[in-house]
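Okay, structure first, notes after.
We did not get these values from a lab; they are worked out from the coordinates using the rules stated. Keep in mind that this is a model prediction, so the values were computed, not measured. We place every Cβ from the backbone using ideal geometry, glycine too, and count neighbours over all the protein chains shown.
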Amino acid sequence: MNEWLNHAALQIVRILPGSFDPFIPPGLDRRPKVFGIGFHKTGTTTLGCALRMLGYRVQKGRAFNHPRKVAIPEPVNIDKLWDAVRPLLPLYGAFEDNPWPLLFRHVDQACPGAKFVFTHRAPQRWIRSASRYFAKRNNATLDLIYGSRNFRIAGSEAIAVARYEQHNTEIREYFRSRPQDILEWDLEAQPEWEPLCRFLGCPVPRCDFPHANSGKLRIISPDAAAA
């Protein structure tokens, strides 16, 4: 009976907006936790939408040192960031967007059996997207990622690409002997359910694969996405 109730509850999670997450008991999902560890602008929002549609309760990142956001004492470092976000781990089944890509080593140690989804795209396509999205904006997360105060991607493209490639290299090296624990996924080349569902052991949904574009979710078919 309990298993049936858990299954029914996860089906409800698929259709509820994320604002309902605080009211959903965190222990319903007994599947291994899933962490999106690809850099920003590699399809992280699309991944989050897809995981939500698979019934995961998704934590979409955590900003810090902004007005009304988590305050981390300066100078901010990875260990301080980990201490700030670690309490979120029991509350969700899946995690995507910053700061989780920066913490892949920490969450791997904290969550035995977790699954990791490494989204990526060609560096030149990535920097065009990142430059367009962030332009001259800056925030504390970008400062930490790129190691510079008031960092702006626009005008610092070479530095940003080098950091992006460094991140990708670190992930591949870290998981080199554990291919069963990580899905390396170019969402631009393969925008479809099959890679993710095969990796997570989930049945393929009967709805089209989601594609998040400019902050707005559009449901499109794989053929249309590839066009």
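Using the Karplus relation 6.51 cos²θ - 1.76 cosθ + 1.60 with θ = phi - 60°, the per-residue 3J(HN,Hα) values for the stretch 28-41 come to 5, 8, 9, 6, x, 5, 10, 10, x, 10, x, 4, 4, 6 Hz, with x marking Gly and Pro. One equal scatterer on each Cα of the stretch 31-226, no solvent, Debye formula: the resulting log10 I(q)/I(0) at q = 0.10, 0.13, 0.16 Å⁻¹ is -0.40, -0.70, -1.09.
How much length, in nm to one decimal, is gained on full extension between R31 and A158, taken as 0.36 nm per residue of separation minus their Cα-Cα distance? Spell out each step's value before the answer.
On the way: separation 127, 0.36 × 127 = 45.72 nm, distance 3.97 nm.
Answer, rounded to one decimal: 41.8 nm.
Using only C-alpha positions, report the orientation-averaged shadow area of the convex hull of the stretch 95-211, nm², one decimal. The partial results should precede the final answer.
Numbers: hull surface 32.9 nm².
Spelled out: convex hull of the Cα atoms, projected over all directions, averaged, 8.2 nm².
By a straight-distance test (C-alpha under 19 Å), which lysines pair with K41 as possible cross-link partners, with residues fewer than eight away in the same chain excluded? Here the lysines satisfying the reach criterion relative to K41 are K60, K136, K216.
Between the stretch 78-108 and the stretch 119-198, the alpha-carbon centres lie 17 Å apart. Distance between the modelled labels on R105 and A135, one decimal in nanometres: 3.6 nm (7 Å Cα→Cβ projection). Taking 0.36 nm per residue of sequence separation and removing the Cα-Cα distance, the Q124/V204 pair yields an extension gain of 25.6 nm.
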